[in-house]
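Beneath this line is the structure, given in structure tokens, with notes to follow.
Values quoted throughout were computed directly from the atomic coordinates according to the rules given, and no laboratory measurement underlies them. Treat the numbers as computed from the prediction; the structure is a model and nothing was measured. Using ideal geometry, Cβ is built from the backbone for each residue, glycine included, and neighbour counts are taken over all protein chains shown.
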């Protein structure tokens, strides 16, 4: 599969699994049952979910219409044309740059205390965000 094929399928679960597995330390500190959602472009029929379960990050794709709310603790909304850049970056630097440049939007769906209780403080810090401060969330 070449890059143009990947651009046509931003919901390739294996690519998302590889992305998560490239840097397990990036997700360290998240506690079991922590869920990160990823929305791609304007597609609201599918959401990529990264869920911490038994100390592993699991990846699944769901239709949010059929899920209990909130579907995730936090959601990243990513422009479809940036997916390959994100997948190709093993250090997560590109993800952080896109977030910093507001090409990736972040939304919290749980209260600050719930996010803290699920281990998101360190995760937000690795993203360059401060949970509960003026710079984010």
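Based on the Kirkwood radius over alpha-carbon pairs, what value in µm²/s does the Stokes-Einstein equation return for the translational diffusion coefficient of segment 3-126 at 20 °C and 1.002 mPa s?
Numbers: Rh = 14.7 Å.
Rounded, D is 146 µm²/s.
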* **Fully extended contour minus Cα-Cα distance, from residue 116 to residue 53, at 0.36 nm per residue** => 21.0 nm
* Asked: Angle between the Cα long axis of helix 13-22 and the longest principal axis of the chain, 0 to 90 degrees, nearest 10?
  -> 60
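To the nearest 0.05, how large is the calculated FRET efficiency for residue 106 and residue 32 if R₀ is 22 Å and r is the Cβ-Cβ distance?
Values: r = 22 Å, r/R0 = 0.99.
After rounding, the FRET efficiency stands at 0.50.
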* Based on DSSP H runs of at least 4 residues, each adding -39500 (n - 2.57), what is the mean residue ellipticity at 222 nm of the chain after dividing by all its residues, to the nearest 500 deg cm²/dmol? -> -8000 deg cm²/dmol
* Structure fact -> For segment 1-133 the mean separation of alpha carbon contacts under 8 Å (6+ apart) over residue count, i.e. relative contact order in percent, is 26
